[in-house]
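Single-structure report; data block below.
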Amino acid sequence: MNTRKYWLGQVGDFEIKQLRVFTTVVQCGGFSAAEAELNITRSTISIHIANLESRLNLKLCHRGRAGFALTDEGRIIYESAQKLFDSVEEFRATVNNLNATLSGDLRLIFSDTVSGDPRVCLPELINAVAERAPDVYITVDVASMSEIEQMVINGQAEVGFVPIHRQIEGLDYIHLFTDTCRLYCHKSHPLFDRPDAELSEELIDRQPFVQAGLKPHKDAASLIEQMDLRATAYYYETRLALIRSGRYIGFLPEYYVANSTQPGELRALKPEQNHYGLPLGAIVRKSARPNKARELFISLLRERLNLPLTSAG
């Protein structure tokens, strides 16, 4: 017979802190991975989890040589904690939006080199936001496309900037511009000096190819399906490094290559056939709670880039 009592009583700041530690551990997949995210030691994390379990009178997770795993009760507590934090965030956003002075958070998350791309005009946008809403707290970070999508969907970021390989339900897409991606090799690669007439499709397909590590854009899928995939590098900088080794060929945006390499350093292989268009866009969560800082940023983005007033989503 189960005699455990689940009565909690009042939830205070200390319990909220412990729950945040717990949810971070779950999201990171274990204590070790959560150390860097929380900036505390594994032993301190363990103490927080043990105290939370004692406070709730529940076993939340298994940890040990077999790895980290949630119990059934732990899974329920994790989901409930997420709802709690969403409610707190919604309350905070509501209060901020009621204030005459625009305040709150503006969290921007960028893929790859987008934050430094002059076509996005990020410095000018940040300056305009700071001028109109100096009390807004701005956070700018970089992540992979899938991480950005998840952060915007989960409310961990207000606006994301990603190459639009796909469109996900729950997100609105604002098309900014389209890059032409071409297949490149370095001057130290065996194909660099081969005449175009000798660059058959079969020869190109036999070369070690570096891919982005995600499902390719629909226009690129047919181009790479027969290629010899030998390496993965999501970020343009790391993909360029592998191409510069002279061992790999790979697709990169033409604009990025023009601004990141020396003239004649790379060669586009059969550029008339090995190319595809990759749109880049800003993403926001559909039906997101009101956020004046986000709305201001999006309006400034549209104004700066001469975009239409409605999203492309």
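Remarks
- Listed by position, the helices (runs of 4 or more DSSP H) enclosed by the range 222-313 that each have at least 3 residues that are more than 17 Å from A212 (Cα to Cα) and not small (G, A, S) are 292-305.
- Residue list for the range 33-68, filter: assigned to a loop (DSSP other than H, G, I, E, B) and not aromatic (F, W, Y): N39, I40, T41, N57, L58, K59, L60, R63, G64, R65, A66, G67
- Test for I148: is it under 28 Å from L84 (Cα atoms), of a type outside the set (D, E, K, R) and surrounded by 15 or more Cβ atoms within 10 Å (Cβ to Cβ): yes
- The range 118-136 - residue that is part of a helix (DSSP H, G or I) and without any contact (Cβ under 8 Å) to a residue 60 or more places away in the chain and, of those, nearest to L280 (Cα to Cα): L122
- The condition of being part of a strand (DSSP E or B) and under 12 Å from A282 (Cβ atoms) holds for only one of V140, V162, that being V162.
- For the range 249-291, taking the residues that are small (G, A, S) and free of Cβ contacts under 8 Å to residues at least 24 places away in the same chain, the one that is nearest to H175 (Cα to Cα) is identified as S287.
- Condition met for E124 (out of contact with any His (no Cβ under 9 Å at 6 or more places or on another chain), at pLDDT below 95 and on the phi < 0 side of the Ramachandran plot): no
- Check on Y236, of a type outside the set (A, V, I, L, M, F, W, C), under 29 Å from the mean Cα position of the chain (by Cα) and under 28 Å from R304 (Cβ atoms): yes
- All conditions but one from (1) of a type in the set (D, E, K, R); (2) surrounded by 17 or more Cβ atoms within 10 Å (Cβ to Cβ); (3) in contact with a Phe, Trp or Tyr (Cβ under 8 Å, 6 or more places away or on another chain) apply to E53; the one that does not is (3).
- Inspection of the range 86-108 finds no residue satisfying the criterion of being in contact (Cβ under 8 Å) with a residue 40 or more places away in the chain and among the aromatic types (F, W, Y).
- From D179, D205, D219, residue being in contact with a helix residue (DSSP H, G or I) (Cβ under 7 Å, 6 or more places away or on another chain) and either at positive phi or of a type in the set (D, E, K, R) (or both): D179
To keep it simple, each residue is scored yes or no on (1) farther than 22 Å from G116 by Cα; (2) modelled with pLDDT under 95; (3) of a type in the set (A, V, I, L, M, F, W, C).
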residue	(1), (2), (3)
R230	yes, no, no
Y235	no, yes, no
A241	no, no, yes
Y248	yes, no, no
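- Looking across V159, V152, one residue alone is at pLDDT below 95 and β-branched (V, I, T). It is V152.
The values are calculated or read from the model by the stated rules, or taken from the named source; none is laboratory data. None of these values were measured; they are calculated from a predicted model. Methodologically, a virtual Cβ is constructed for each residue, glycine included, from the backbone with ideal geometry; neighbour enumeration extends over all protein chains shown.
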